[in-house]
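Just below is one structure, and these are the notes that go with it.
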Amino acid sequence: MKFTTTALIAFLISLTSFAQDNTKPQGLFVGDKASLFKGKDNNGIEFNLADQLKKGSVVMVFYRGEWCPYCNKELSLINDSLSFILAKGATVVAISPETAENVSKTVSKTKATFPIISDGGMAIMKSYKVNFTVDEDTVEKYKKYGIDFTISNGENAANLPIPATYIIGSDGIIKYVFFNADYRKRASVKEILDHL
């Protein structure tokens, strides 16, 4: 009887863990059709994914905000190697929940010369299944470090993306995905180039 009760409790805990994992963003997968979108970039120019795919592959990077040193390093490294990516016929675009004003700060910090889109309303993040709501304890912890999501993200408030990278082929199919909930881990430029 004791074994049965223990086994039942372990089974129930595993079901609860599985259900909780399913509430976390899963992203899109290799082989999925990319969700098409349009958005104004940091220069006020419309970025239309469908139009860009007619020219070649698109490397799409989701990042958290100008306050994130890991994001700034990633975008800087991509910008430093942009000529190699462009030489493979690809375009780069970055997507963030931060306001357009804060996107300008990101550009200033990273010297990014590729389009960066402020995803107000999170339509792009939701369509790629990368968005999640930051829990209240973490929100308060970040505030102690001077990071207020309502200031950083405006209407998006305490919502962030998993820092993911997608390579979308000119046929609109996702060819490569880097998706890791550990915000310290990012796709390397070498990995991006190897999959173009």
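The values are calculated or read from the model by the stated rules, or taken from the named source; none is laboratory data. What you are looking at is a predicted structure, and each value in this text was computed from that prediction instead of being measured. Don't worry about glycine lacking a Cβ; one is built from the backbone with ideal geometry, like all the others, and counts go over all protein chains shown. Just so you know, the surface numbers come from the protein's heavy atoms only, side chains and all, with ligands and any DNA or RNA stripped out. Shrake-Rupley method; radii C 1.70, N 1.55, O 1.52, S 1.80 Å.
Summary table below
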| item | result |
| --- | --- |
| Farthest toward positive dipole pole in the chain [+1 Lys/Arg, -1 Asp/Glu at C-beta], among T106, Q52, N159 | Q52 |
| In region 90-196, GluC sites (Glu not before Pro) in a DSSP loop with at most 11 other beta-carbon atoms within 10 Å | none |
| Sites K24 and D194 - FRET efficiency at Förster radius 30 Å, r taken between beta-carbons, to 0.05 | 0.60 |
| Within straight-line cross-link reach of K185, aspartates and glutamates at Cα separation under 15 Å, skipping those fewer than 8 residues along the same chain | E74 |
| Loop-located trypsin sites (Lys or Arg not before Pro) in region 79-142, at most 12 other Cβ atoms within 10 Å (DSSP) | K111 |
| Simple spin-label estimate for S81 and K144 in nanometres, 7 Å along Cα-Cβ | 3.6 nm |
| Relative contact order (percent, whole number), the chain, Cα cutoff 8 Å, 6+ residue spacing | 27 percent |
| Computed [θ] at 222 nm, helices only, for the chain once each DSSP H run of length n ≥ 4 contributes -39500 (n - 2.57) | -11500 deg cm²/dmol |
| For the chain, accessible area per residue (1.4 Å probe, heavy atoms of protein chains only), Å² | 54 Å² |
| Tail weight of P(r) past 17 Å, computed on alpha-carbon pairs of region 102-163, percent | 48 percent |
| Whole-number D in µm²/s for the chain (Stokes-Einstein; Kirkwood sum over Cα pairs; 25 °C, 0.890 mPa s) | 138 µm²/s |
| Cut-off 14 Å between beta-carbons: net charge of the residues surrounding A112, Lys and Arg +1, Asp and Glu -1 | -1 |
| Overall Cα dimensions of region 131-196 - principal axes, largest extent first, Å | 42, 22, 16 |
| Whole-percent carbon and sulfur share, accessible surface of region 73-125, 1.4 Å | 59 percent |
| Long pairs among K54/K88; K73/K105; K24/K73; K40/K126; K24/K126, criterion Cα-Cα beyond 23 Å | K24/K73 |
| Largest-first ordering by accessible area, 1.4 Å probe, given options D135, D148 | D135, D148 |
